[in-house]
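None of the figures in this text is laboratory data; all of them are computed from the coordinates on show. Computed from a prediction, not measured in an experiment: that's the story for all the values here. Virtual Cβ from ideal backbone geometry, glycine too; neighbours counted across all protein chains shown.
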Amino acid sequence: MTEEERIRQVAREAAHDAATEATISTLKALGIDPAESKEMYADMLFLRRQRVGAEQFGKHAKLVLIGVVVTGGLYALWQGVVQAIISGRAP
């Protein structure tokens, strides 16, 4: 191994160690224990399910609102037809 290759290897190892240390300290600063990755994964999965559920609720709420408006319009139209028939002004 040449001197240049040895220097690159040492630099790569130092950069890797520094990145690992920075990542761990950042996670700890955010209140996340890197040793409990399964618990963190479960928390992220729960948050994802909550987000997906909230998005689906919004979609369903819009569909219900559209259904109510359409049903109300059809009911008003039907009542107009019935009133026209009752009053004798049917077309």
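Met1 passes every criterion in (1) part of a helix (DSSP H, G or I); (2) aliphatic (A, V, I, L, M); (3) exposed (fewer than 10 other Cβ atoms within 10 Å of the Cβ) apart from (1). Residue count for region 7-52, restricted to those that are surrounded by fewer than 10 Cβ atoms within 10 Å (Cβ to Cβ) and not aliphatic (A, V, I, L, M): 2.
Looking only at residues in region 39-70 that are among the basic types (Lys, Arg) and within 11 Å of the chain's Cα centre (by Cα), the one that is nearest to Leu27 (Cα to Cα) is Arg48.
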